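Values quoted throughout were computed directly from the atomic coordinates according to the rules given, and no laboratory measurement underlies them. Keep in mind that this is a model prediction, so the values were computed, not measured. A quick note on method: Cβ atoms are made from the backbone with ideal geometry, for glycine too, and the neighbour counts reach across all protein chains shown.
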Amino acid sequence: MANKVRAGILGYGRMGRGFAAAMQESGLWEIAAVYDISAPVRELARQQVPGVAIYDRPEPIFSDPAIDVVGLFTLADARPQQIRQALASRKHVLAEKPIAADVATEWELVRAIEASDRFVAVNLFNRNAWYHKDIRRFIAEGEIGELAVIRICHMTPGHMPLEGHDPEGPPFHDCGMHYVDVARWYAGSEYKTWHAQGLRAWGYKDPWWVQAHGTFENGVVFDITQGFIYGHLAKEQPHNCYVDAIGTKGVARMRHDFSEATVELYGVHEMLRKTAAFNDKKLDLMVDVFARSVLTGENLGFPQARDSVIASEVSWAMLNDAIANIPPVRGTPEEMQQILEHRRRLVNGFGLPVRMQELSDLPLAPV
Ligand SMILES: NC(=O)c1ccc[n+]([C@@H]2O[C@H](COP(=O)([O-])OP(=O)(O)OC[C@H]3O[C@@H](n4cnc5c(N)ncnc54)[C@H](O)[C@@H]3O)[C@@H](O)[C@H]2O)c1
């Protein structure tokens with residue numbers, strides 16, 4: 001058995017760079033090639049991943065028999081063709097979400113993926129998070145009784161209209177699909193009913209804040225709030241991100257500020273509190289579990305395309321319900337311009353302008 005997997009990276013934007021860095025850190029990966037459509041991005045890859053082949057087209061990666069895995073980190077519109085080509089070239093796939101820009105294509109891809117013997121992981125990063133694993137273990141031990149209510153909130157001063165990610169849709173799909181997935185993962189059941197309310201901040205055409213609530217087939221009820229309208233122009237940027245799992249006997253919950261996560265477990269036998277690093281998108285864990293799965297030929301627990309597509313389909317449906325319920329307008333286009341201008345002057349923790357990184361939901365610090 002080989003002891004390393006060889007990767008070809010398609011798309012060297014924010015997530016491509018994150019995955020490449022995680023692969024470089026891991027002892028299980030060797031990056032063989034990078035492809036990006038943009039010349040300045042290819043130049044950046046040349047500097048950051050020295051000694052690898054840099055391409056302006058994907059074919060050399062698909063046709064290289066020494067490449068085991070392709071990392072698909074472009075946008076949703078490019079992914080279907082790349083997934084099909086990867087499977088046809090017998091490559092394993094580590095893909096960003098969503099796997100396509102529309103639900104019908106996503107399901108076609110699931111059928112192709114499930115009919116193939118190749119591994120396809122989709123970056124539902126929450127499924128690799130220590131805090132969700134701790135909470136789910138606690139619930140499974142019976143400490144909160146029967147899970148009854150799952151409440152999730154993800155509000156940050158995040159990605160704005162006109163900042164890219166158009167094929168991924170408005171925030172309740174682009175980012176909210178992660179939380180639609182998390183609620184379903186906790187409930188262990190399929191969505192049954194929902195009602196959604198949205199708000200069209202600044203008069204922008206799409207709701208930039210949405211709350212959905214409803215039921216699962218097994219009787220668990222949920223509410224999910226997602227919004228990138230949380231204190232964009234505040235002097236200090238706030239976040240409100242939590243999961244609250246309410247049982248018939250106890251409660252298990254977490255909160256994070258993108259730097260640290262705190263889990264509080266109120267069980268019938270014990271109360272536990274733990275704070276540890278949030279670890280952003282947990283790409284170190286994703287590349288580790290995927291490499292070990294490819295090397296051993298056994299899925300050791302990476303997130304699946306089917307779960308991603310269900311989350312994508314349901315989050316589109318909830319978003320459409322919010323739109324059908326006529327989201328009111330608050331704020332003005334002038335305020336939106338002011339925020340966009342403000343974000344152009346912001347830098348992230350690495351000193352890079354936010355718009356260069358196309359950040360969707362990371363914490364930001366004013367210059
Ligand atoms: N799982 C998560 O938590 C998470 C977080 C952020 C983004 N994402 C997803 O990751 C993907 C990438 O997002 P990002 O923020 O890195 O975007 P980005 O715009 O920073 O990067 C995309 C890169 O792909 C390149 N590209 C676009 N189309 C291409 C094509 N057809 N062929 C080759 N290169 C192409 C662009 O030049 C760019 O360098 C998106 O699908 C997004 O939804 C997931």
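Counting only strands (runs of 3 or more DSSP E) that sit completely within the stretch 24-74, those holding 3 or more residues that are under 21 Å from K91 (Cα atoms) and more than 12 Å from the ligand (Cβ to nearest atom) correspond to 29-35. What about G176, is it within 18 Å of K281 (Cα to Cα) and surrounded by 24 or more Cβ atoms within 10 Å (Cβ to Cβ)? Here the answer is yes, as G176 does meet what is asked.
Taken over the stretch 113-148, the criterion of being buried (at least 16 other Cβ atoms within 10 Å of the Cβ) and either of a type in the set (K, R) or more than 28 Å from A95 (Cα to Cα) (or both) is satisfied by R118, R127, R136, F138, I139, E143, I144, L147.
Counted as qualifying within the stretch 128-201 are the helices (runs of 4 or more DSSP H) with 2 or more residues that are more than 16 Å from the ligand (Cβ to nearest atom), hydrophobic (A, V, I, L, M, F, W, C) and farther than 17 Å from I224 by Cβ, namely 130-140.
Scanning for something in contact with a His (Cβ under 8 Å, 6 or more places away or on another chain), within 16 Å of the ligand (Cβ to nearest atom) and part of a loop (DSSP other than H, G, I, E, B), does the stretch 3-23 turn up at least one residue? Checking the stretch 3-23: not a single residue is in contact with a His (Cβ under 8 Å, 6 or more places away or on another chain), within 16 Å of the ligand (Cβ to nearest atom) and part of a loop (DSSP other than H, G, I, E, B).
If you check I99 against the conditions, is it β-branched (V, I, T), away from the ligand (no atom under 14 Å from the Cβ) and not in a helix (DSSP H, G or I)? Considered against the rule, which asks whether it is β-branched (V, I, T), away from the ligand (no atom under 14 Å from the Cβ) and not in a helix (DSSP H, G or I), I99 comes out as no.
Do we have Q81 as of a type outside the set (D, E, K, R), within 12 Å of the ligand (Cβ to nearest atom), farther than 17 Å from F125 by Cα and free of Cβ contacts under 8 Å to residues at least 12 places away in the same chain here?
Against the criterion (of a type outside the set (D, E, K, R), within 12 Å of the ligand (Cβ to nearest atom), farther than 17 Å from F125 by Cα and free of Cβ contacts under 8 Å to residues at least 12 places away in the same chain), Q81 qualifies.
Of all residues in the stretch 76-102, those being buried (at least 18 other Cβ atoms within 10 Å of the Cβ) and farther than 16 Å from E59 by Cα number 9. Return a yes/no flag: does the stretch 295-314 have any residue that is loosely packed, with under 14 Cβ neighbours inside 10 Å, over 30 Å from K205 (Cβ atoms) and of a type in the set (D, E). Within the stretch 295-314, one or more residues are loosely packed, with under 14 Cβ neighbours inside 10 Å, over 30 Å from K205 (Cβ atoms) and of a type in the set (D, E).
Look at (1) assigned to a loop (DSSP other than H, G, I, E, B); (2) more than 30 Å from R6 (Cα to Cα) and you find that F302 fails only one, number (2). Only residues that are more than 16 Å from the ligand (Cβ to nearest atom) and either under 14 Å from Q82 (Cα atoms) or not aromatic (F, W, Y) (or both) were counted across the stretch 105-124, and they come to 10. Taking the conditions (1) buried (at least 18 other Cβ atoms within 10 Å of the Cβ); (2) under 19 Å from A121 (Cβ atoms); (3) not charged (D, E, K, R) in turn, A33 satisfies each one other than (2). Filtering the stretch 179-212 to residues that are in contact with a Ser or Thr (Cβ under 9 Å, 6 or more places away or on another chain) and over 19 Å from A140 (Cβ atoms) leaves Y179, V180, Y191, K192, T193, W194, W202, G203, W209, V210, Q211, A212.
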